[in-house]
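Here the structure comes first, spelled out in C-alpha cells, and everything after it is commentary.
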Amino acid sequence: MRPAPKPGFWLVARREWRWLLHDHAARILIFAVPVFAFAILTAVFSHPVIRELGVVVVDADRSDTSRMFVEQVAASPSLGIVERQGDLASAASAIRSGEAIAAVYIAANFERDLKAGRRPQVVAFYNQQFLTAAGVASSGLSDSLAAAVENAASAARGAPQAARIGSLVAETIVLVNPARNYAQFLLRALLPMVLHVVIALAAGYAVGSEFHRRSMRAWLACAGGNPVIALAGKLAPLFAVFLVFMLTLPLILEGLLGISFRGDTPMVTIAAVLLTVGYLALGALMQLLVRDLATGLGITGLIVSPAFGYAGVGFPVLGMNAFALAWGALLPLRWYMAVLLGQAARGLPLYETARPFAALAALAVLYTLLAFLRLRAIAGSAPRIPPETEPAAPAAAPPRGVGGAFVAEWRRVLATRGAFMLLVMGPLVYGIYYPQPYLNQIVRKIPIAVVDNDLTELSRSIVQTLDASGAVSVVVQAETLAEARKVLDRGEAFAVVGIPPDTERDVLKGNTAHIPIYADATYLFIFRSMANGIAVAINTLSSELAAGGARTDGSLVKAALASTSPAEILLQPIFNPVGGYASYIVPAAFVLILQQMLLIGASMLTVMALPQPAGGAFVTVLGRGIAHLTIYLPALALYFIVLPRVYGFSTLGHPLQLFALASLFTLATSFMAQAAGAWFKHPETPTLIFLGTSIPQLFLTGFSWPREAIPEPVLVAGFIFPSDFAIDGMVRIDQLGATLWEVVRDWRGLWALAIIYFALAVMSAALVKRRRAHA
C-alpha cells in the first residue's frame, strides 16, 4: 500500500495543477483567453503603417493648379481620395458617416488668386474625434499640400518683392521609435495589459473556489496547516504558466513583427516575474478579504480592467489628475510599463529605471505579504465556508409569457448581489472611476531641452517663445547635444531643440534657417502634442519676423509671405477640435464597458434562470431581454446624456436617434449573453471569460486603430460583438452629430446581431433544458 503523500509545497502544487487541468473555466481563462487576445492584437497590428485613410475633395476651382493639388494629396501613401464632392455639406456628411477621415476644400478662383499673389487658402478639415487616424491624416495632408505649394511657387514670382527677411522652419528628427511605429508603442504595452487582467482573475478564481466549490480545509491540510506553503503551492502552477507567456511576448514582437528590443534582458525578465507575482498576490488577496468568489472577482475586475488608463501608456502620467496619479502608483502595472518601455523601447541605462523597478518590487512584496497574513488569519480561526447560494425561485407557479419572464428577471437582479452590482451599481462606479486619468484632456508644459549654439538675440527669442508656449516648457538649457541627449534618455525631457550657429545671420540674409528637433516618440501622444506645440511656437515667431514691426494684415507682410509661400495651408480639426484625449477615448470605452457588464451580468443570470421552471424558450428569452433593456435605461442615460455634459464632451446627436441605436445594442448584447450563458455551469464563469477580452475588442472596432490598417478577416471577426457596430454608430451620433441614415451600416449590423443571437439564445435554452430533463 502506497504511503499517503507528505503535506507540503509539492502536494499543494500537484493538487492545484490537477484542478486547473480538469476545470473547464480555468483552462479557458488561463490558456484560451491569452491566446485569443495575443492572436487578435498581433493580427490587428500586423500592418503597423497606416495607409489609405479616406479623403474627400471639394474642388470648386477645377483648374489645372487645383488638380495638381488634388493629385499631390492622392500621391500621399497615408491618404486615399474616396470621393470628389460638389460642396462642403456633402463632404461633412461623408466624414460623419465614416466614409472619410478628412476633406480638402479648394475655393473658386484659386488659380487666379494664386497667380495674382493674393495667397489663397487651401483648407483641409480632419476628424479629430478619431485621434490616431487624425494624427496620421493631418500629417499626410500637411506634407502633401506643402509639396503642392512648393511646386506652385513659380506662380508667385511676380508678387511684389518687399524687403525680405528669412524664416524659421522646424524639422523633427525622431531618435527613439524613428518610424513612429504604432505597433511598437501599443502592442508592446497591450499584451502585458491583457495578461495582467488574466493573472489577477486566475489567482482570484483559484483561491475563491476554495470558499465555493472546493475545500479550504483540504487546501490547508495539504500544506500541513502552513499558510505560506498553502498560498505558494497554490499559485506556483499559475506563476509557471504566466511567466512562460510573459517571456514569450518579446519573441512574438521581435520574431513576427520585427520590433527590436534595446534594453537589458535580465532586468526586464525580473520585472516580468515581479509583475506576475504582484497580480497573483493581488487577485488572491481580494478573495481572502471578501471570502466570496463572485464578489471577489468583481472587485478584482474593477481594479485591473481600467489599468490601461492608469498605467500612463495611452495618456501620459504627467497629464493626470491627483487621484489618477495616486491610484496608479498602487498598481504594479504602472511601474512595470515604465521599466518595459524604458528598457525595451528606449534602451536606458539600468540606473535610470531603478526607481520604477524598486516600486514594482515593493508592491509585489507588499501584496504577497498581505495575502499571506490574511490567509494566516483565516487559517487560525474556525474556517468559515459559506455556501454560495443564490436566492432560490419562489415555489409559486412558473411565470407565463413575456411579462412573467420580465418580472422574474427583475426579481433576480434585485435579489442577487453580483447581478445588482454589475447592472445597477457598476455603471455608476465605472462612469466616475474610469475617466479619471484622462480628464485633463490635453498634456501641457511637456518638458524639453534646448541647445543654443547661436547665442544671439534671435536664439534667445526662440527659447523664450518655446518656454512661453502652453504645450512645452524648457526645463534644461544644455551646452552640447550630447549633454541634452542624456537628459532625453533619463526621461527628464521628451525633445531637444537645437539652434545651430549662424541662425540669426541666415534669417537676416533672407534665407531659411532650419531648427532641428530631436524627439522621443516612445509615447506617441506626448510626441504629437509636443511636436505640434514646438512647430506652432516657431511658426509664430517666424511670422513675427516676417511682419518686421508692420501690421500682420498689411501689404508688406502679405507680399513677403506670397513671395515665399504663394498659397496658405489651413489645417482645421473638426469634432474634438482641441484634441482632448478624454473626449476621444471615453465615449467609445463607455460603450464597451456597458457591453461587458451586461454580457457578464446577463450570462450570470442565465445560469441561475435556466434550472428554474419557466415558460417557453422564445417568450423567456424575449422577456428577459426586455427586462435587461429597462434595467439598463438609467445606465444608458448616464453614459450618453448626463456624463458627457458633466465631463464637457461633445453632444451633437439627437437623443431619440441615440436611444434607438443604444436600445438595439442593449438587446443584441442581452441575447448574446443569454446564448452564451446557457452553456455555462457556474455564475462566475462569464467574468472569467469576457473580462479578459475587453482590450482586444476595443482595438477590433477600428476606433483606436483605424480600420484601414486592420486586415479584412480580423475586421470580420470583430463583428461577433455588438460593441463593434455600437461604438462606431453611437460615437458618430453623439460626438459627430450623425443621423441614423449616416450610420445605417451600424444600424443594420446591430439588427442582424440581435436577430441571430436571439435565435441562438432560444435554441440554446431549449437544448439545455431538454438535456437536463433527460438527465
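If I ask for residues that are crowded, with 18+ Cβ neighbours inside 10 Å and in contact with a strand residue (DSSP E or B) (Cβ under 6 Å, 6 or more places away or on another chain), which ones from the stretch 111-122 would you list?
Arg119, Val122, listed by residue number.
For Arg180, work out the one condition from (1) within 19 Å of the chain's Cα centre (by Cα); (2) open to solvent by 30 Å² or more (accessible area, probe 1.4 Å); (3) modelled with pLDDT of 80 or more it doesn't fulfil.
(3)
With the condition kept exactly as written, say whether any residue in the stretch 525-546 is open to solvent by 10 Å² or more (accessible area, probe 1.4 Å), modelled with pLDDT of 85 or more and more than 30 Å from the chain's Cα centre (by Cα).
So far as the stretch 525-546 goes, no, none of its residues is open to solvent by 10 Å² or more (accessible area, probe 1.4 Å), modelled with pLDDT of 85 or more and more than 30 Å from the chain's Cα centre (by Cα).
Of the residues in the stretch 265-284, how many are farther than 17 Å from Pro192 by Cβ and open to solvent by 10 Å² or more (accessible area, probe 1.4 Å)?
1
Go through the stretch 346-385 and give me each residue that's in contact with a helix residue (DSSP H, G or I) (Cβ under 7 Å, 6 or more places away or on another chain), farther than 30 Å from Tyr518 by Cα, at pLDDT below 85 and not small (Gly, Ala, Ser).
Once the filter is applied, which keeps residues that are in contact with a helix residue (DSSP H, G or I) (Cβ under 7 Å, 6 or more places away or on another chain), farther than 30 Å from Tyr518 by Cα, at pLDDT below 85 and not small (Gly, Ala, Ser), the stretch 346-385 yields Pro383, Ile385.
Among the residues of the stretch 653-673, write down those that are among the aromatic types (Phe, Trp, Tyr) and touching a Pro at 6+ places or on another chain (Cβ under 6 Å).
If we filter the stretch 653-673 for residues that are among the aromatic types (Phe, Trp, Tyr), which is where we start, we get 659, 665, 671.
Within the stretch 653-673, Phe665 is the sole residue that qualifies.
Please work out which residue is modelled with the highest pLDDT, limiting yourself to the stretch 250-267 and to residues that are touching a Phe, Trp or Tyr at 6+ places or on another chain (Cβ under 8 Å) and part of a helix (DSSP H, G or I). Spell out the reasoning first.
Our first condition is that a residue be touching a Phe, Trp or Tyr at 6+ places or on another chain (Cβ under 8 Å); within the stretch 250-267, this holds for 250, 252-254, 257, 267.
Then keep just the ones that are part of a helix (DSSP H, G or I); that gives 250, 252-254, 267.
Values: Pro250: 75, Ile252: 72, Leu253: 72, Glu254: 71, Met267: 91.
This residue is Met267.
Checking Glu479 against (1) surrounded by fewer than 19 Cβ atoms within 10 Å (Cβ to Cβ); (2) closer than 30 Å to Gln129 by Cα; (3) not small (Gly, Ala, Ser), only one condition comes out false. Which one?
The number of the failed condition is (2).
Search the stretch 682-698 for residues that are farther than 15 Å from His196 by Cα and open to solvent by less than 20 Å² (accessible area, probe 1.4 Å) and pair each with any residue that is part of a helix (DSSP H, G or I) and of a type in the set (D, E, K, R) when their beta-carbon atoms are under 8 Å apart and the residues are at least 6 apart or on different chains.
Every condition considered, the pairs that remain are Gln697/Asp724.
Determine which member of the set Ala673, Ala637 is crowded, with 19+ Cβ neighbours inside 10 Å and within 19 Å of Met597 (Cβ to Cβ).
Ala673
What are the residues in the stretch 217-254 that are hydrophobic (A, V, I, L, M, F, W, C), open to solvent by less than 50 Å² (accessible area, probe 1.4 Å), over 35 Å from the mean Cα position of the chain (by Cα) and closer than 18 Å to Ser381 by Cβ, if any?
Of everything in the stretch 217-254, those that are hydrophobic (A, V, I, L, M, F, W, C), open to solvent by less than 50 Å² (accessible area, probe 1.4 Å), over 35 Å from the mean Cα position of the chain (by Cα) and closer than 18 Å to Ser381 by Cβ turn out to be Ala218, Trp219, Leu220, Ala223, Ala230.
Look through Leu289, Leu282 and report the one residue that is part of a helix (DSSP H, G or I) and in contact with a Lys or Arg (Cβ under 8 Å, 6 or more places away or on another chain).
Answer to the check: Leu289.
Any idea which of (1) in contact with a Pro (Cβ under 7 Å, 6 or more places away or on another chain); (2) assigned to a helix (DSSP H, G or I); (3) farther than 30 Å from Ser260 by Cβ; (4) modelled with pLDDT under 90 is the one Val402 doesn't satisfy?
(1)
Out of all the residues in the stretch 717-744, which are farther than 26 Å from Phe680 by Cβ and without any contact (Cβ under 8 Å) to a residue 40 or more places away in the chain?
Trp741, Val744
Please name all residue pairs, on different chains or six or more residues apart, with Cβ atoms under 9 Å, provided the first residue is in the stretch 568-582 and is over 16 Å from Asn532 (Cα atoms) and the second residue is among the basic types (Lys, Arg) and in a loop (DSSP other than H, G, I, E, B).
From the stretch 568-582, the pairs are Glu568/Arg119.
Would you check if Phe308 is under 18 Å from Pro192 (Cβ atoms), open to solvent by 10 Å² or more (accessible area, probe 1.4 Å), at pLDDT below 90 and not in a loop (DSSP other than H, G, I, E, B)?
Answer is yes for this residue.
Taking only the stretch 94-110 into account, find how many residues are buried (at least 18 other Cβ atoms within 10 Å of the Cβ), under 30 Å from Gly314 (Cα atoms) and of a type outside the set (Lys, Arg). Show your work before the answer.
If we filter the stretch 94-110 for residues that are buried (at least 18 other Cβ atoms within 10 Å of the Cβ), which is where we start, we get 94-98, 100-106, 110.
Within this subset, residues satisfying the condition of being under 30 Å from Gly314 (Cα atoms) are 94-98, 100-104.
Filter once more, keeping what is of a type outside the set (Lys, Arg): 94-95, 97-98, 100-104.
Of the residues in that region, 9 qualify.
Please pick out the residue among Pro516, Pro501 that is at pLDDT 80 or above, in contact with an Asp or Glu (Cβ under 9 Å, 6 or more places away or on another chain), surrounded by fewer than 16 Cβ atoms within 10 Å (Cβ to Cβ) and over 30 Å from Ala311 (Cα atoms).
Details: Pro516 fails: surrounded by fewer than 16 Cβ atoms within 10 Å (Cβ to Cβ).
The conditions single out Pro501.
When you look at Val475, is it within 24 Å of Phe315 (Cα to Cα) and without any contact (Cβ under 8 Å) to a residue 60 or more places away in the chain, yes or no?
yes
Tally the residues that are surrounded by fewer than 17 Cβ atoms within 10 Å (Cβ to Cβ) and under 25 Å from Pro48 (Cα atoms), restricting the search to the stretch 81-93.
1
Taking Leu325, is it outside any helix (DSSP H, G or I) and more than 15 Å from Thr269 (Cβ to Cβ)?
Values: outside any helix (DSSP H, G or I): no; more than 15 Å from Thr269 (Cβ to Cβ): yes.
Here the answer is no, as Leu325 does not meet what is asked.
Modelled with pLDDT under 95, surrounded by fewer than 24 Cβ atoms within 10 Å (Cβ to Cβ) and under 20 Å from the mean Cα position of the chain (by Cα), is that true of Val578?
yes
Give the number of residues within the stretch 491-501 that are more than 36 Å from the chain's Cα centre (by Cα) and assigned to a loop (DSSP other than H, G, I, E, B). Explain how you work it out, then say what you get.
Start the filter on the stretch 491-501 by keeping residues that are more than 36 Å from the chain's Cα centre (by Cα), which leaves 499-501.
This time we only want the ones that are assigned to a loop (DSSP other than H, G, I, E, B), so: 500-501.
Number satisfying all stated conditions: 2.
Going by what's in this entry, would Glu150 be described as modelled with pLDDT under 90 and over 30 Å from Ala116 (Cβ atoms)?
No; evaluated as a whole, the condition is false for this residue.
Are any residues in the stretch 646-670 touching a Ser or Thr at 6+ places or on another chain (Cβ under 6 Å) and open to solvent by 40 Å² or more (accessible area, probe 1.4 Å), and if so, which ones? Explain how you work it out, then say what you get.
Step one: list which residues in the stretch 646-670 are touching a Ser or Thr at 6+ places or on another chain (Cβ under 6 Å), which gives 649.
Listed by number, the list is empty, since nothing qualifies.
Being surrounded by fewer than 22 Cβ atoms within 10 Å (Cβ to Cβ), more than 33 Å from the chain's Cα centre (by Cα) and farther than 24 Å from Gly347 by Cβ is the requirement here; does Ser473 meet it?
It is false that Ser473 is surrounded by fewer than 22 Cβ atoms within 10 Å (Cβ to Cβ), more than 33 Å from the chain's Cα centre (by Cα) and farther than 24 Å from Gly347 by Cβ.
Considering only the stretch 422-455, state which residues are open to solvent by 50 Å² or more (accessible area, probe 1.4 Å), of a type in the set (A, V, I, L, M) and in contact with a helix residue (DSSP H, G or I) (Cβ under 6 Å, 6 or more places away or on another chain).
Listed by number, the list holds a single entry, Leu439.
Among the listed residues Val413, Val424, which satisfies the condition of being in a helix (DSSP H, G or I), touching a residue at least 40 places away in the same chain (Cβ under 8 Å), under 17 Å from Gly301 (Cβ atoms) and within 32 Å of the chain's Cα centre (by Cα)? Lay out the reasoning, then the answer.
On the way: Val413 fails: under 17 Å from Gly301 (Cβ atoms).
Unique residue meeting the criteria: Val424.
The values are calculated or read from the model by the stated rules, or taken from the named source; none is laboratory data. Owing to the predicted nature of the structure, the values given are computational and were not obtained by experimental measurement. Every residue, glycine as well, gets a Cβ built from its backbone with ideal geometry; the counts of neighbours run over all protein chains shown. All accessible areas refer to the heavy atoms of the entire protein, side chains included, with ligands and DNA or RNA removed. Shrake-Rupley method; radii C 1.70, N 1.55, O 1.52, S 1.80 Å.
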